[in-house]
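Heads up, the thing below is written out as structure tokens.
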């Protein structure tokens, strides 16, 4: 039995779940999400909890069991609390600013880089340094954060670039002849 798949998902107050065949719609205070799942996996709502069960111990059913439960739990958490990824810009002159819905990044290139967030995702820039990407869909928030980070990933000699808050970048020592060479 799947350890993740058999765990029930508690529904917070204010969250409603509607199941139509293999289509599940979750409504909450932050918004509404809907997704279709594999018809072999059965989803039921009882006494404020969502339970996911599988028909057999087939390899495909076992893998879909935990996946379905995780996706449903992320939908419930998204419409009740929301998701957030924080990015920081490390480097001299690196900054971000919002222009309408777009975000302009100045990260050491000769031009500014524009990022247009997908629908349902907002990018919050406070000051010039910290950037926060927020939304109700965990997949789209993570994707937008990864695309923003990919504009200038942290390099391993000076550590400059865009990184997640709390991400540790191991710095390489550089040329050994430069550090302690005798003349």
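Reported count of residues in the range 100-123, each being at pLDDT below 90 and on the phi < 0 side of the Ramachandran plot, is 1.
Strands (runs of 3 or more DSSP E) fully within the range 105-155 that include at least 1 residues being over 29 Å from residue 33 (Cβ atoms): 113-115.
Go through the range 65-91 and count every residue that is over 16 Å from the mean Cα position of the chain (by Cα) and not in a helix (DSSP H, G or I). Of the residues in that region, 3 qualify.
Taking the range 141-165 as the range and being in contact (Cβ under 8 Å) with a residue 24 or more places away in the chain and within 23 Å of residue 82 (Cβ to Cβ) as the test, the residues that pass are 141, 142, 143, 144, 145, 147, 148, 149, 162, 163, 164, 165. For the range 54-64, a tally of residues being in a helix (DSSP H, G or I) and under 8 Å from residue 41 (Cβ atoms) returns 2. Filtering the range 114-137 to residues that are farther than 27 Å from residue 72 by Cβ and exposed (fewer than 15 other Cβ atoms within 10 Å of the Cβ) leaves 114, 116, 124, 126, 127, 128, 129, 130.
The values are calculated or read from the model by the stated rules, or taken from the named source; none is laboratory data. None of these values were measured; they are calculated from a predicted model. Cβ sites come from the backbone with ideal geometry, for glycine too, and all protein chains shown count toward neighbours.
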